[in-house]
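The values are calculated or read from the model by the stated rules, or taken from the named source; none is laboratory data. Treat the numbers as computed from the prediction; the structure is a model and nothing was measured. So basically every Cβ, Gly included, is an ideal-geometry build from the backbone, and we count neighbours across all protein chains shown. In case anyone asks, the SASA skips ligands and DNA or RNA and just uses the protein heavy atoms, side chains included. Shrake-Rupley method; radii C 1.70, N 1.55, O 1.52, S 1.80 Å.
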Amino acid sequence: MQGRHEQVIYENDKNQKAIFKHSFPFFLNSITGTDGASAVISKTKGTDQDGSAITNVTLSDRQITINGSIAGNTKEEMAAKRNELLKLFNPRVQGWLQYEYGDVKKKIRCQVEDAPVFSKRIRSFKYQDFVVFLTAPNPYWQDVNETLSELALWKGLFSFPIEFTAPGIQMGLREPSLIKEINNKGDVDCGIKIVFKAIASVQNPSIINIDTREFFKLNKTLEAGEKVTVTTHFRNKRVTIEKDGITSNAFNWIDLESSFLQMAPGKNLYRYDAENGIDNLSIDLFYTPQYLGV
């Protein structure tokens, strides 16, 4: 998938960034490793068994290679461009690689495996080729931005400017449905971030995946202004509570039968609940679909 509308953006964790496309100063010649990932297949073989039995399949780290060129009118300009890339692709600093082609925009977390290697020959004394080798421990590409789905919310019934001419005006309306369907456009399961917010007292709020019957529940009465954030991503499972600008750990309030919910590809049905004060509960659900390639 290459063309003049293709570009790659790399930004490291020090907020240093460069854009590689089909124009200088950082010309993108090619990028490889963006499509399907390699699988690691575990097998067992019994006595007198023909063939084998597959017991597990996992994906390998994704290897990505960027081939490009830099340009400069003088040796000093060329040296400055080389130094910029060396700082950007620092092996001690991780970063995000964003791939764009037309309407497709996806990103992936990367580690520099080999810092930029520059060709020894400078073409026409103005151009010099380079190659960068990256590895992505999580082989899945993901959307550039999180998707927000509001499970429980209040909807406003008017917009400004407004003139109050009669008593008893209703300011907002509670969404009537306790069930929300969410479509995960990704290719595999993804973790989610659940944000429970209380506008008044809410006892033991929970969210359940109707399809799997798995649920996440808090054994706590949330008071007005309290917010609990649950993160279920792989290797990043957290539960925190925030009130008056102070955030603290909330793992001790997790119901022991709770699961750190994952969102399957396709349609997912979620239902929220509380043992008391459910109308005082607001729930936001954030997720980032993951893809096998771009």
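Side notes on the structure shown:
- Hits in the stretch 76-117 - residues which are open to solvent by 50 Å² or more (accessible area, probe 1.4 Å), more than 26 Å from Lys185 (Cβ to Cβ) and without any contact (Cβ under 8 Å) to a residue 12 or more places away in the chain: Glu76, Glu77, Ala80, Asn83, Arg92
- There is at least one residue in the stretch 21-31 that is at pLDDT 85 or above and small (Gly, Ala, Ser).
- Condition met for Glu257 (out of contact with any helix residue (DSSP H, G or I) (no Cβ under 8 Å at 6 or more places or on another chain), assigned to a loop (DSSP other than H, G, I, E, B) and either more than 30 Å from Tyr101 (Cβ to Cβ) or acidic (Asp, Glu) (or both)): yes
- Filter result (of a type outside the set (A, V, I, L, M, F, W, C) and either at pLDDT 95 or above or buried (at least 18 other Cβ atoms within 10 Å of the Cβ) (or both)) within the stretch 118-136: Gln128, Thr135
- Test result for Ser248, assigned to a strand (DSSP E or B) and surrounded by fewer than 19 Cβ atoms within 10 Å (Cβ to Cβ): yes
Here is a yes/no grid of residues against (1) under 17 Å from Tyr287 (Cβ atoms); (2) exposed (fewer than 15 other Cβ atoms within 10 Å of the Cβ); (3) small (Gly, Ala, Ser):
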| residue | (1), (2), (3) |
| --- | --- |
| Thr221 | no, no, no |
| Gly225 | no, yes, yes |
| Val230 | yes, no, no |
| Asn236 | yes, yes, no |
| Ile241 | no, no, no |
| Asp244 | no, yes, no |
| Trp253 | no, no, no |
| Ser258 | no, no, yes |
| Leu261 | yes, no, no |
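- Residue within the stretch 67-75 that is open to solvent by 80 Å² or more (accessible area, probe 1.4 Å), at negative phi and assigned to a helix (DSSP H, G or I) present: yes
- The test for being touching a Ser or Thr at 6+ places or on another chain (Cβ under 7 Å) and modelled with pLDDT under 95 does not hold for Asp211.
- The conditions of being without any contact (Cβ under 8 Å) to a residue 12 or more places away in the chain, open to solvent by 60 Å² or more (accessible area, probe 1.4 Å) and within 26 Å of Pro139 (Cα to Cα) are met by Thr44.
- If you filter the stretch 250-290 down to residues that are more than 18 Å from Glu181 (Cβ to Cβ) and β-branched (Val, Ile, Thr), you find that the one that is modelled with the lowest pLDDT is Ile278.
- Looking only at the stretch 17-31, and only at residues there that are closer than 15 Å to Leu97 by Cβ and open to solvent by 70 Å² or more (accessible area, probe 1.4 Å), the one that is farthest from the chain's Cα centre (by Cα): Lys21
- Scanning the stretch 211-242 for residues that are of a type outside the set (Ser, Thr, Tyr), closer than 27 Å to Arg109 by Cα and in a strand (DSSP E or B) yields a count of 7.
- Restricting Gln128, Gln63, Gln142 to those that are over 27 Å from Val294 (Cα atoms), touching a residue at least 40 places away in the same chain (Cβ under 8 Å), assigned to a strand (DSSP E or B) and of a type in the set (S, T, N, Q) reduces the list to Gln128.
- Flag if Asp50 is assigned to a loop (DSSP other than H, G, I, E, B) and either open to solvent by less than 40 Å² (accessible area, probe 1.4 Å) or in contact (Cβ under 8 Å) with a residue 24 or more places away in the chain (or both): no
- Check on Gly191, within 29 Å of Gly293 (Cα to Cα), touching a His at 6+ places or on another chain (Cβ under 8 Å) and either part of a strand (DSSP E or B) or touching a residue at least 60 places away in the same chain (Cβ under 8 Å) (or both): yes
- Only one entry in Glu275, Glu226, Glu214 is touching an Asp or Glu at 6+ places or on another chain (Cβ under 8 Å) and either among the charged types (D, E, K, R) or without any contact (Cβ under 8 Å) to a residue 12 or more places away in the chain (or both), namely Glu226.
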